[in-house]
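Down below is the structure, laid out as structure tokens.
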Ligand SMILES: Nc1ncnc2c1ncn2[C@@H]1O[C@H](COP(=O)(O)OP(=O)(O)O)[C@@H](O)[C@H]1O
Ligand SMILES: O=C(OP(=O)(O)O)[C@H](O)COP(=O)(O)O
Ligand SMILES: [Mg+2]
């Protein structure tokens, strides 16, 4: 990578604004998986040891520019304090007098965490004024938020217009590992895409079709494709205005000789909950109009596991079902197990996918767990990530 890293600059006594991705899965105010916090520790610890005054910034969820109490970073600050064995101060605002004061009180080696940056509507607009205000707090910008580096926002990109900008260790490591796997991909090369961010993820498929041998589609993403094939999907997750696009991908794949795998059976329910009154497995052409699919069925699990076992490189982003409810985690767990057992070079990416593989107890069995889902897919497409592009080049 020809970008400067924190090793290339002197941070002693400097105020460092470090963007991290602490967008961790939460349930009832509790962190259910702290992979992303742990992944940022090497950078944070290094900057502390070097005597920097550290200002950390992250988003959590999608609060859409307003304060949402459940999306405050309070639990994140507590967990970070535990992991570092040192008190992390947190502000209750994103920017303003409280932030300015707390920054001025920092000593070398201290850590301050700003409130969820997406509480400020200007963050996602990559607003110049907010970028300038962030920059005014610090002498240096460090991007270690690989999982958010595909977003051009004030704290991931805009800030770099005003102060020197370098990469953290996590960002560097992610780019190296993903970059080398993709440079001369081992074949057969299989990509597995699932999850719930259909709007974000469907777009990457066009490019993936030029790179992979097999494309497995599961999770919430699958239903827009099933609909595109003219089948009934009931109340399953659908991105209405992407149906045409999905249909065109199915045609393109056929022309390119890429095999697309879609669910052949699914688990449907009458209520989105851990224990719905009705739970049944049906073939994909038999989804009742009033039910919703929360997992891939047993035939699909076996089919997907077979494809994985015959691959040499597998990149997986997005759970196969609503794995947070144990009853609907079987599709995700079967895919995770197949990946763990296979000889393929295996890379799993995404905040929720990482949580799923941890929950399945298989985190040590795959080659790399990436903290980025959308980010790793865009990298896989061959795109330059905005949060990387803004960093200073090595001289
Ligand atoms: N069939 C489905 N219907 C609704 N949500 C689903 C379905 N399958 C998976 N999901 C949800 O997708 C979410 C993760 O999506 P996403 O954020 O895109 O993945 P990642 O964080 O791994 O990149 C999980 O919370 C999971 O419950
Ligand atoms: O969780 C994230 O991405 P992921 O779900 O693709 O892993 C990142 O924190 C980015 O969040 P965003 O998709 O709301 O911009
Ligand atoms: Mg996610």
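Values as computed for the structure displayed
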read-out	value
Prolate/oblate/rounded label for region 177-381 (Cα gyration tensor, a/c 1.5)	oblate
Fully extended contour minus Cα-Cα distance, from residue 45 to residue 384, at 0.36 nm per residue	119.2 nm
Rough spin-label spacing in nm, given labels placed 7 Å along Cα→Cβ, for residue 282 and residue 368	4.1 nm
Nearest-ten-degree value, helix 298-309 long axis tilted from longest Cα axis of the chain	60 degrees
0 to 90° range, to nearest 10: angle between helix 35-49 axis and the chain longest Cα axis	20 degrees
Packing-based exposure ordering (other Cβ within 10 Å, fewest first) of 177, 159, 95	177, 95, 159
Theoretical gain in end-to-end length, residue 82 to residue 309 [0.36 nm per residue, Cα-Cα removed]	77.8 nm
Between region 144-160 and region 85-110, the alpha-carbon center distance in angstrom	21 Å
Nearest-ten-degree value, helix 169-183 long axis tilted from longest Cα axis of the chain	40 degrees
With eigenvalues of the C-alpha gyration tensor scaled by 5 and rooted, region 6-170, Å	21, 19, 15
FRET E, pair residue 243, residue 98, Förster distance 56 Å, beta-carbon r, rounded to 0.05	0.75
Cβ-Cβ FRET estimate between residue 341 and residue 125, R0 fixed at 45 Å, reported to 0.05	0.50
The chain: calculated mean residue ellipticity at 222 nm from DSSP helix runs of at least 4, using -39500 (n - 2.57)	-9500 deg cm²/dmol
Spin-label pair residue 8/residue 299, simplified geometry with 7 Å Cα→Cβ offset, distance in nm	5.5 nm
Contour excess over end-to-end distance, with Cα ends at residue 290 and residue 232 and 0.36 nm allotted per residue	19.8 nm
Estimated FRET transfer efficiency (residue 136, residue 105; beta-carbon r; R0 22 Å; 0.05)	0.85
Rh by Kirkwood over Cα pairs, then Stokes-Einstein D for the chain at 1.002 mPa s and 20 °C, µm²/s	99 µm²/s
Two-site label geometry, residue 152 and residue 30: point separation in nm, points 7 Å out along Cα→Cβ	4.2 nm
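Each value in this text was obtained by applying a stated rule to the coordinates, not by laboratory testing. Computed from a prediction, not measured in an experiment: that's the story for all the values here. We place every Cβ from the backbone using ideal geometry, glycine too, and count neighbours over all the protein chains shown.
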